[in-house]
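Remarks on the structure that follows.
The values are calculated or read from the model by the stated rules, or taken from the named source; none is laboratory data. This is a predicted model, so every value here is computed, not measured. As a convention, Cβ positions derive from the backbone with ideal geometry for all residues, glycine included, and neighbour counts pool all protein chains shown. What goes into the accessible areas is simple: the full protein's heavy atoms, side chains included, and nothing from ligands, DNA or RNA. Shrake-Rupley method; radii C 1.70, N 1.55, O 1.52, S 1.80 Å.
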Amino acid sequence: MRRGLWPRITVKAALCAGLAALASLLPDAGLRAAPPELERFFGAYVGVATVEETKSGEVGQRDMDIVIQPYHDGGFRIDWINVSLVDGRRDLPGVERRVQAALFEPVEDRNMYVEVEAENPFREREKTRPMRGDPVRWASLDGPRLHVYAFMVLEDGTYELQIYDRILTDKGLDIHFERIVDGEVVRRISGTTARAK
């Protein structure tokens, strides 16, 4: 062996071993395929919705972008963007844009999914604390309907429940949403989307 070659081999081997160890911490995107009844929801959707504030009677409009895609071991990810319009337009002051995402994995031996945090090998996973106001989210499939629920305990001890239904249609998804605070529906959203290419 030539002089000086051994240290280079050792450094290279150590680097390869370190990269292999790091890769083992990353999520495996393909351990288990999503069931066919979930796969048919995968895609990108664009559309419009009507928002009704039931207490005030105020009605507004919003544009929606929704992407549903596979996630880690038979689960799914939903990303959505809502743009609340002003006088039916998105080019006026006062327009609000909200971006959200949620990751779900299947619950073993149950016909449901539970929200999980994105895996990050450089950060400890934080526990959900419902009694501190953290939302608890879960989802289920019912034929052409994907139900997503979010439950929160509010600061005053009352609760909030959000029910978000995405219903497959010939052209895309219909959207139905209700926000319920302490048993009273305070907001309803209904809309239609088309599957985008």
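What ranking of LYS197, LYS171, LYS55 comes out by heavy-atom accessible area, probe 1.4 Å, highest first?
LYS197, LYS55, LYS171
Rounded to the nearest 0.05, what FRET efficiency is calculated for ILE81 and PHE42 with R0 set to 22 Å and r the Cβ-Cβ distance?
0.80
Using the heavy atoms of the protein chains alone and a 1.4 angstrom probe, what is the accessible area of region 39-197 per residue in square angstrom?
About 61 Å² of surface per residue is accessible.
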